[in-house]
Amino acid sequence: MNLNITGKTALVTGASSGIGAATARVLAEEGANVIVSYGKNRTGATQVTKEIEALGGKVWLHQMDICNAREVADAIQAIKPEIPGLDILISCSGQTIDTPFMEVSPIEWEQIVNVNLNGPFYVLQAARELFNEQASVVLVASVAAHTGVPHHAHYAAAKAGLVNLTKSAARALAPQVRVNCVAPGITLTPMGQRTINTIEDGYAKKKLLVQRFATPEEIARCVTFIASPLTGFMTGSTLDINGGRYLR
């Protein structure tokens, strides 16, 4: 299927590993030019950049601390002269810590909410001036946004906020920019594996209709499809990709 994104310019945050890295690669495979943005994992981001270059795609590498609004604004300004505007923004940055509800400290709460909710807002707000007509944004939330999680309360709350931020941003940026969201279930990424290590044995077979966890590439293909012009009548929506963990 031709997604009609050849030659489009895409910015992917959290692109150094996991779903973000997979999404950057899939976008490149579909012909997009990709800005690989990372926070601390320069080694992973550099590897993704090399993989995109091997595909023959145009790629840029930019560091961005999404938790710092000033640094985000500066990074966006640094990107601005290098690109002919922005057609696609994918917000994949994420972090969680396994902590029981009553043991979450104010510092830990702030850290997780900063990465998973404040950061995507800072990036979306700063990138507004770069968007071309009919640009598309996809925010990556989590099934936890719908179910709640007692040992990841900060993460679940932040991702729920991201679902609602999608609706607010879609209204604020229409009609020039579409804003949508995906809510993946547990995925076989470094962060997902840490979650798997804390849950009951046989979780996938007991709780998921498909009886397995997602691969990053499966989520990335959904993200790329939603970001493409093929979903031009879709905005303010959240797509559940959770293997049947949560049905609504």
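The values are calculated or read from the model by the stated rules, or taken from the named source; none is laboratory data. As the structure is a prediction and not an experimental result, all values here were calculated from the model. Here Cβ is always computed from backbone atoms with ideal geometry, including for glycine, and neighbour counts include all displayed protein chains.
Close Cβ contacts (under 6 Å, 6 or more residues apart or on different chains) running from residues in the stretch 199-227 that are over 30 Å from V179 (Cβ atoms) and of a type outside the set (G, A, S) to residues that are modelled with pLDDT of 95 or more and not in a helix (DSSP H, G or I) comprise K205/Q211. Working carefully through the options A204, A227, A183, A220, find the one that is of a type in the set (A, V, I, L, M) and more than 14 Å from the chain's Cα centre (by Cα). From the options A204, A227, A183, A220, the qualifying one is A204. Can you find, within the stretch 110-126, the residue that is surrounded by the most Cβ atoms within 10 Å (Cβ to Cβ) among those that are under 13 Å from D74 (Cα atoms) and over 15 Å from the mean Cα position of the chain (by Cα)? It comes out as A126. Cβ-Cβ distances below 7 Å connect the following pairs, each with a first residue in the stretch 101-123 that is in contact (Cβ under 8 Å) with a residue 24 or more places away in the chain, a second residue that is of a type in the set (F, W, Y) and surrounded by 15 or more Cβ atoms within 10 Å (Cβ to Cβ), and a separation of six or more residues or different chains: I112/Y155; N116/Y155. Put simply, of I90, I97 the only residue that is under 23 Å from G185 (Cα atoms) and buried (at least 16 other Cβ atoms within 10 Å of the Cβ) is I90.
Once the stretch 161-213 is narrowed to residues that are under 23 Å from R128 (Cα atoms) and among the hydroxyl-bearing types (S, T, Y), the residue that is surrounded by the most Cβ atoms within 10 Å (Cβ to Cβ) is T166. With respect to the conditions (1) part of a loop (DSSP other than H, G, I, E, B); (2) within 18 Å of L27 (Cα to Cα), V182 lacks only one, and its number is (1).
For the stretch 2-17, the set of residues classified as at positive phi and either free of Cβ contacts under 8 Å to residues at least 24 places away in the same chain or under 10 Å from the mean Cα position of the chain (by Cα) (or both) consists of G14 only. Restricting H146, H154 to those that are closer than 14 Å to N242 by Cα and not hydrophobic (A, V, I, L, M, F, W, C) reduces the list to H146. Summed over the stretch 144-160, residues that are surrounded by fewer than 22 Cβ atoms within 10 Å (Cβ to Cβ) and in contact (Cβ under 8 Å) with a residue 24 or more places away in the chain total 6. Take the conditions part of a loop (DSSP other than H, G, I, E, B) and of a type in the set (K, R) and apply them to R194. Does it pass? No.
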